[in-house]
Amino acid sequence: MANYVLVHGAWHGAWCWRHVVARLVSEGHRTHAVTLTGLGERAHLLSPLVTLETHIADVANTIEAEELTDVVLAVHSYAGMIGTAIADRMAERLRHLVYVDAVVPQPGESWSSTHSSTVRESRLAAAQASGNYSLPPPDPSIFGLDGGGYEWVRRRQTLHPGHTYQAALDFDPRRVSRVPRTFIDCTRPALATISVARQRVRDPSFWDGAWHGGAPAAVVELDTGHDPMVSAPAALAKILLRFAG
């Protein structure tokens with residue numbers, strides 16, 4: 001039995017992992033899908049006080065409270081910031097870190113660092129115009145969704161805490177590199193805001209230079225859009241099951 005911790009990206013909640021959780025549990029694995037503060041069923045906690053550190057604590061506290069070790073930590077999109085922090089601070093508790101079409105930061109970068117100036121300025125303006133410094137959700141069509149998946153995500157997306165957007169993450173890449181890592185590249189369509197991460201993970205010097213070698217790292221392509229837990233849950237679960245050991 002493996003321990004899986006699944007962390008959603010911006011505007012989502014634990015709900016988005018529903019079909020992946022069912023498959024992992026059916027294989028006998030212990031699975032926890034975390035909802036970050038201010039999102040999903042915790043949307044009532046949305047506040048300008050919610051930061052990247054709040055979300056890192058959400059995941060760290062789940063691992064601590066459930067007394068999990070040998071964790072396969074899967075982080076989606078924005079949550080690549082969180083997964084990197086957990087690998088830096090709790091490397092000994094992780095078996096594998098899976099970036100699911102996620103941000104893969106350099107030390108000192110924020111979620112916004114690799115976005116175009118147009119995207120960055122638009123999101124910051126929207127946060128400033130909101131009453132609680134939040135980022136409004138995009139139309140799910142940009143994730144390649146249609147039909148029932150589109151409607152589900154459109155209904156369930158919530159505002160995202162805006163002070164997570166420019167929060168820089170300091171970490172030691174040597175510690176992170178002790179954890180085996182996989183990047184799942186969702187290619188159809190490829191989301192533009194993940195393009196820098198997509199390029200980085202294909203550059204050997206990123207893993208062996210900036211990340212100082214360490215444990216194995218790999219890239220796996222998945223022929224679906226940015227929300228594979230919605231559009232291709234069986235295929236995503238199959239990849240995650242590789243790391244059950």
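The values are calculated or read from the model by the stated rules, or taken from the named source; none is laboratory data. All figures in this text were calculated on a predicted structure; none of them were measured in a lab. Glycine gets a Cβ as well: all are built from the backbone with ideal geometry, and neighbour counts include every protein chain shown. Heavy atoms of the whole protein, side chains included, go into the accessibility calculation; ligands, DNA and RNA do not. Shrake-Rupley method; radii C 1.70, N 1.55, O 1.52, S 1.80 Å.
Contact map, segment 216-245: first residue among the basic types (Lys, Arg), second residue not in a strand (DSSP E or B), Cβ cut-off under 9 Å, separation 6 or more or different chains; pairs are Lys238/Arg23.
Figure legend. Inter-residue proximity from segment 128-147: first residues closer than 24 Å to Leu52 by Cα, second residues open to solvent by 40 Å² or more (accessible area, probe 1.4 Å) and in a helix (DSSP H, G or I), beta-carbon distance below 8 Å, spacing 6+ or different chains. Indicated pairs: Tyr133/His163; Leu135/Arg123; Asp139/Arg154; Pro140/Tyr150; Pro140/Arg154; Phe143/Ser231. Filtering segment 7-48 to residues that are in contact (Cβ under 8 Å) with a residue 60 or more places away in the chain, assigned to a loop (DSSP other than H, G, I, E, B), open to solvent by 10 Å² or more (accessible area, probe 1.4 Å) and of a type outside the set (D, E, K, R) leaves Trp11, His29, Thr37, Leu46, Ser47, Pro48. Among all positions in segment 198-215, there is no residue which is in a strand (DSSP E or B), of a type outside the set (Val, Ile, Thr) and either within 18 Å of the chain's Cα centre (by Cα) or modelled with pLDDT of 95 or more (or both).
Conditions (1) out of contact with any Ser or Thr (no Cβ under 8 Å at 6 or more places or on another chain); (2) of a type in the set (Asp, Glu), marked per residue:
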| residue | (1), (2) |
| --- | --- |
| Val5 | no, no |
| Trp11 | no, no |
| His19 | yes, no |
| Gly28 | yes, no |
| Glu41 | no, yes |
| Val50 | no, no |
| Thr69 | yes, no |
| Pro107 | yes, no |
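Residue pairs whose Cβ atoms lie under 7 Å apart, sitting 6 or more positions apart in sequence or on different chains, and linking a residue in segment 68-89 that is closer than 15 Å to Asp58 by Cβ to a partner that is acidic (Asp, Glu) and modelled with pLDDT of 95 or more, are His76/Asp101. Pairing residues of segment 158-183 that are under 26 Å from Leu135 (Cα atoms) with residues that are open to solvent by 40 Å² or more (accessible area, probe 1.4 Å) and among the β-branched types (Val, Ile, Thr), at Cβ distances under 7 Å and at least 6 apart in sequence or on separate chains, gives His163/Thr51; Thr164/Thr51; Ala167/Thr51; Phe183/Val219.
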